[in-house]
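Report on the following structure.
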Amino acid sequence: MAIRDWPIKRKLTAILLLISGLVLLLTSAAFVTYEIVTFRQTIRSQLATRSRILAANSTAALAFANEADAREILGALKYDPHMVAAALYDRNGRILATYPAAPSADLIPAAPQPDGYRFEGGHLVGFTPVAQGENQRLGTLYIASDTKAVSDALRLSGVIAIVVLAIAMLAAYALAAALQGRISAPILALAETATAASTRQDYSLRAPKFGHDELGVLTGSFNQMLGRIEEQKQELQQHATRLEQRVAERTKELERRALELQAANSELDAFAYSVSHDLRAPLRSIDGFSQVLLEDYGAQLDEGGRDSLQRVRAASQRMATLIDDLLKLARVTRTEMRTERVDLSGMAREIVLDIQRTAPDRQVEFAIAPGLEAQGDSRLLRVVLDNLLRNGWKYTGKQAQPRVEFTAVDENGGRVFVVKDNGAGFDMKYADKLFGVFQRLHSITEFEGTGVGLATVRRIINRHGGRIWAEGIVDQGATFYFTL
Amino acid sequence: MALMSSLLLVQGESPRTSEYQLKAVFLFNFVQFVDWPPSATQDSQPPPPLLIGILGDDPFGAFLDETVRGERLGARPIQVRRYRRIADIEECNILFISRSENERVAEILAAVKNRPVLTVSDGDGFASQGGIIQFFTDKNRIRIRINLDAAEAAKLTISSKLLRVAEVVRTPRR
């Protein structure tokens, strides 16, 4: 694991240990160095003292070249096992006596060296002047001591340093482990709370606060943030609930309105139906008795009287047609739908044949695409096609080359049926009036009609769940689109 | 072993010349190991010299003069005097009696008796005759024999260090 991915606990402990380890190491190094330096100084001054005592004792031996005495004096060195070798040089640098009596050659320099005490080749060596009185130099004393004492001291202080270091590091580790919690515990608690809050989306959690230091401030801010989030979440929920309530209220109201509307509509339909139905009987009387009057008493009437009667008959017949259409419209909304597969192309061809039979003197070109089919009530769909094709036939009456098409296009994944003519057309600003009851864009003298047909068509299309709309340009034709 | 052989070589080289060379050094070194009783003149200015006298034929040649040249005891310069007759002897501190005076030793010692003079000689039996220090040769080495009674009689104090390296004798009782 990379150091930066270590948990904070371990990082803190590691930092504390590193620092205390470094400090201890430097301190120990300083301690050992001080020990060694002072110890070297100590043994050097010890050697110097010993040398001076020996030198003072050996003055006479040197002065009077008494070898035996000199050897005896040097022989006292045997009581100190660290003393390796010694020698007395006379004034001329000649060796008078040595210790041990028969030393190995490399231990005793052939001639005295400058006075002083120094570490040399693993030994501490000293050259001390031997003098009696003030400035009477008699010769030189040489003593070599091994440095085992130094290395012993080094080893001892090293062992002490290592033991102290180990104990101190253990103590430091224990303290670090105990104290790092002061810093890491709030951080860990904060991290735990943050994780819990984000995974469970529970914003009612609060991180425990340990003190008023920066971490305490951080924890406080974090808790405040959680509180704010919680409040906002609650507000949001309240808003959502209120919105849902309002939607439900509106929906209920709309449903109620729809029901009301439906009730009003069916009432209206029923009214229209009964009115139309009831109107037919008196109308038939008017027409029938007008016919009787014309046939039985026509000879007794003058031309003006017969013409008036003719007009009464024509008006009552037109009224009958109007009533029939109204009844048809009412029936469309009242009859039950029977859905089946309908061959629209075949149905259109039958209607065209029927139209051409009633007016064989008009030449209108009908173009009917083959294979158009739809799902729906065949009786009602026949009313739709009959109305649209008959309209096309009717409004192309003033066209030199009249033409009516029945096709279909696929648009946005749905099928759109199209009935198109090149007749009188209409102004697009009246497009929304096209499908209203009794709405007519042309006068009855121009093109005859009751103004109920397209209203009926729209009702049927709506009952099928479809949509109908029209486009037109004056004198260039109209196009009707519908879906089912 | 090389060192040992070189040591032997040093001691073995020209015994006759080095004998008096060594004795001259010894004579000079006595100055350091012997205390003379305070004298009336020692504090005067300039300080009186410390005198080493030679009575009779001088066996040292230039060695003694070379040895003491420029040397002092405290503020006192050390000087060498040579005497032919007993009467010539002045207030000297060390008197070396040459072998040439062997016949007259008793007379000479009598002349300096009770005076703080360190008498030295390499004549046989000098110490037992009442002389203070006698050089003698033992196993080819020059040794020192000291007559402590004579030294005490002369009111001289001899350092114990010197006594350590010397052979101490007493004046035989008559």
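Throughout, read-outs are computed from the coordinates displayed, never taken from laboratory work. Here the structure is a predicted model, which is why all the values come from computation and not from measurement. Here the Cβ positions follow ideal geometry from the backbone for every residue, glycine too, while neighbour counts run over all protein chains shown.
From the phi of every residue in the stretch A:440-449, what ³J(HN,Hα) in whole Hz does the Karplus formula 6.51 cos²θ - 1.76 cosθ + 1.60 yield, where θ is phi - 60° and glycine or proline is x?
So the Karplus estimates, Gly and Pro as x, are 10, 9, 10, 6, 5, 6, 6, 10, 6, x Hz.
Rg to Rh for chain A: what is it, with Cα atoms only and Rh by Kirkwood? Don't skip to the end; give the middle numbers.
On the way: Rg = 65.1 Å, Rh = 36.8 Å.
Here the Rg-to-Rh quotient is 1.77.
Hey, got a sec? Which trypsin sites (Lys or Arg not before Pro) in the stretch A:338-404 land in a DSSP loop and have at most 10 other Cβ atoms within 10 Å? Kindly include the intermediate steps, with their values, before the conclusion.
Working: sites: A:Arg338, A:Arg341, A:Arg349, A:Arg357, A:Arg362, A:Arg379, A:Arg382, A:Arg390, A:Lys394, A:Lys398, A:Arg403; in loops: A:Arg338, A:Arg362, A:Lys398.
Hits after loop and neighbour filter: A:Arg338.
Taking a cut-off of 16 Å between Cα atoms, list the aspartates and glutamates near A:Lys11, but don't count ones fewer than 8 places away on the same chain.
Qualifying aspartates and glutamates at Cα under 16 Å: none.
Arrange the peptides A:62-73, A:111-122 so that the one whose residues have, on average, the most other Cβ atoms within 10 Å appears first. Don't skip to the answer; put the middle values down first.
Numbers: A:62-73: 21.7, A:111-122: 12.7.
Answer by packing, highest mean first, reads A:62-73, A:111-122.
Report the gain in length on full extension from A:Glu67 to A:Phe31: 0.36 nm times residue separation, minus Cα-Cα distance, nm rounded to one decimal.
Working: separation 36, 0.36 × 36 = 12.96 nm, distance 4.62 nm.
Working it through step by step, the gained length comes to 8.3 nm.
What do you get for the angle between helix A:214-297 and the principal long axis of chain A? Use alpha-carbon atoms, 0 to 90 degrees, nearest ten.
Tilt relative to chain A: about 10 degrees.
Straight distance only, please: which lysines reach the Cα of A:Lys394 with their own Cα at less than 29 Å, same-chain residues fewer than 8 apart left out?
In chain and number order, the partners are A:Lys328, A:Lys420, A:Lys429, A:Lys433.
Set the Förster distance to 35 Å, then compute FRET efficiency between A:Ile473 and A:Arg334 from the Cβ-Cβ distance, nearest 0.05.
0.40
So what's the gap between the Cα centers of the stretch B:122-147 and the stretch A:141-205, to the nearest angstrom?
Computed from Cα coordinates, the inter-centre distance equals 80 Å.
Using only atoms on other chains, find how many Cβ atoms lie within 10 Å of each Cβ of peptide B:69-82 and report the average. Before the final figure, lay out the partial values.
On the way: counts 0, 0, 2, 4, 3, 2, 0, 0, 0, 0, 0, 0, 0, 0.
The per-residue average across the peptide is 1.
Could you give the length gained on full extension between A:Arg228 and A:Asp115, defined as 0.36 nm per residue of separation minus the Cα-Cα distance, in nm? Could you put the intermediate results ahead of the total?
Details: separation 113, 0.36 × 113 = 40.68 nm, distance 8.82 nm.
Roughly 31.9 nm would be gained on extension.
Over the stretch A:1-96, consider all pairs of different Cα atoms and compute the Kirkwood hydrodynamic radius from their mean reciprocal separation; express it in Å, one decimal. List each step's numbers first, then the result.
On the way: mean 1/r = 0.0550 Å⁻¹.
About 18.2 Å for the stretch A:1-96.
Hey, got a sec? Which chymotrypsin sites (Phe, Trp or Tyr not before Pro) in the stretch B:40-119 land in a DSSP loop and have at most 15 other Cβ atoms within 10 Å? Intermediate results must be reported in sequence, preceding the final value.
Working: sites: B:Phe60, B:Phe63, B:Tyr83, B:Phe96; in loops: B:Phe60.
Counting only loop positions with at most 15 other Cβ atoms within 10 Å, none of the chymotrypsin sites (Phe, Trp or Tyr not before Pro) in the stretch B:40-119 qualifies.
For B:Leu118, what residues show an amide H to amide H distance below 5 Å, using hydrogens built from the backbone and excluding near sequence neighbours?
Under 5 Å from the amide H of B:Leu118: B:Ile94, B:Leu95.
How big is the charge dipole of the stretch B:76-174 about its Cα centre, in debye rounded to the nearest 20, if each Lys and Arg gets +1 on its Cβ and each Asp and Glu gets -1 on its Cβ?
Values: 19 positive and 12 negative charges, 47 e Å.
The dipole of the stretch B:76-174 has a size of about 220 debye.
Dipole magnitude of the protein assembly as shown about its Cα centre, charges +1 at Lys/Arg Cβ and -1 at Asp/Glu Cβ only, in debye to the nearest 20? If you can, show how the numbers build up before the last one.
On the way: 80 positive and 77 negative charges, 401 e Å.
Using Cβ point charges on Lys, Arg, Asp and Glu, the protein assembly as shown gives about 1920 debye.
Which whole-number percentage describes the relative contact order of chain A, with Cα contacts under 8 Å and a sequence gap of 6 or more? Provide the component values of the computation, followed by the final result.
Values: 592 pairs, mean separation 43.5, N = 484.
9 percent.
Can you give the longest run of chain B that contains no GluC sites (Glu not before Pro) sitting in a DSSP loop with at most 16 other Cβ atoms inside 10 Å? All intermediate terms of the calculation are to be shown ahead of the outcome.
Working: sites that count: B:Glu13, B:Glu71, B:Glu90, B:Glu91.
Here the longest run is B:92-174.
Convex hull over the Cα atoms of the stretch A:189-228, averaged projected area in nm²?
Working: hull surface 9.6 nm².
Averaging across all directions leaves 2.4 nm² for the Cα convex hull.
Full-extension gain between A:Asp146 and A:Ala189, please, as 0.36 nm times their residue separation minus the C-alpha to C-alpha distance. If you can, show how the numbers build up before the last one.
Numbers: separation 43, 0.36 × 43 = 15.48 nm, distance 6.38 nm.
Length gained between A:Asp146 and A:Ala189: 9.1 nm.
Build a GNM of chain B with springs between Cα atoms under 10 Å: which of B:Lys161, B:Lys23, B:Lys139 gets the top mean-square fluctuation?
B:Lys139
Go through A:Ala281, A:Ser184, A:Ala374 and say which Cα lies farthest out towards the positive end of the charge dipole of chain A; charges sit on Cβ, +1 for Lys and Arg, -1 for Asp and Glu.
A:Ser184
Taking Cα centroids, how far is the stretch A:324-393 from the stretch B:46-117 in Å?
Cα centres, the stretch A:324-393 to the stretch B:46-117: 178 Å.
So how far apart, in nm, are the two label points at A:Gln245 and B:Val168 if each is 7 Å from Cα heading toward Cβ?
That separation, rounded to one decimal, is 13.3 nm.
Partner chain Cβ atoms within 10 Å, averaged over the residues of B:27-37 - can you pull that number for me?
On the way: counts 0, 2, 10, 2, 4, 9, 6, 0, 0, 0, 0.
Other-chain Cβ atoms within 10 Å of each residue's Cβ, averaged: 3.
How many partner chain Cβ atoms sit within 10 Å of a residue's Cβ in peptide B:164-171, on average, as a whole number? Show your work: numbers first, answer last.
Numbers: counts 8, 13, 4, 0, 0, 0, 0, 0.
The per-residue average across the peptide is 3.
How big is the stretch A:273-338 by Rg and Dmax over its Cα atoms, in Å?
Spelled out, the Cα radius of gyration and Dmax of the stretch A:273-338 are 15.9, 56 Å.
Sequence-distant or interchain residues sharing an amide H contact under 5 Å with A:Val404, placed H: which?
A:Glu365, A:Phe366, A:Ala367
Considering only DSSP beta bridges whose two residues both sit in the protein assembly as shown, what percent are antiparallel, to the nearest 5? If you can, show how the numbers build up before the last one.
Details: 58 of 81 bridges.
Here the antiparallel bridges make up roughly 70 percent for the protein assembly as shown.
Can you tell me which lysines have their Cα less than 30 Å from the Cα of A:Lys148? Leave out same-chain residues fewer than eight positions away.
In chain and number order, the partners are A:Lys78.
List the GluC sites (Glu not before Pro) within the stretch A:350-386 that DSSP assigns to loop and that have no more than 12 neighbouring Cβ atoms inside 10 Å. Don't skip to the answer; put the middle values down first.
Details: sites: A:Glu350, A:Glu365, A:Glu373; in loops: none.
Passing sites in the stretch A:350-386 do not exist.
Residue farthest toward the positive end of the dipole of the stretch A:223-272, with Cβ of Lys/Arg at +1 and Asp/Glu at -1: which of A:Ala264, A:Leu243, A:Gln232?
In the stretch A:223-272, that residue is A:Gln232.
Taking 7 Å along the Cα-to-C-beta vector as the label spot, tell me the B:Ser160-B:Ala87 distance in nanometres, rounded to one decimal.
For the pair B:Ser160/B:Ala87, the computed spacing is 4.6 nm.
Kirkwood Rh and Cα-based Rg: tell me the resulting Rg over Rh for the stretch A:16-160, rounded to two decimals. Each step should come with its number before you reach the end.
Working: Rg = 19.0 Å, Rh = 16.6 Å.
Answer for the stretch A:16-160: 1.14.
Write down the Kirkwood hydrodynamic radius of the stretch B:24-107, to one decimal in angstroms, obtained as one divided by the mean of 1/r over all alpha carbon pairs.
Numbers: mean 1/r = 0.0734 Å⁻¹.
By the Kirkwood definition, the hydrodynamic radius is 13.6 Å.
Given a Förster distance of 22 angstrom, what is the FRET efficiency for A:Arg463 paired with A:Ala258, based on the Cβ-Cβ distance and rounded to 0.05?
The value I calculate is 0.90.
Could you check the spin-label model distance between A:Val159 and A:Ala105? Points 7 Å from the Cα along Cα→Cβ, value in nm.
Output for this residue pair reads 4.0 nm.
Build a GNM of chain B with springs between Cα atoms under 10 Å: which of B:Gly56, B:Gly131, B:Gly74 gets the top mean-square fluctuation?
Most flexible of the set in this elastic network: B:Gly74.
When a footprinting reagent is the concern and you count Cβ atoms within 10 Å, what order do B:Thr119, A:Thr445 take, fewest first? Write out the running numbers ahead of the final one.
Numbers: B:Thr119 29, A:Thr445 6.
Ranking B:Thr119, A:Thr445 by Cβ neighbours within 10 Å, fewest first, gives A:Thr445, B:Thr119.
What residue among A:Leu322, A:Thr339, A:Ile351 has its Cα farthest toward the positive end of the dipole of the protein assembly as shown, where the charges are +1 on Lys, Arg and -1 on Asp, Glu, each on the Cβ?
Positive-end residue among those listed: A:Thr339.
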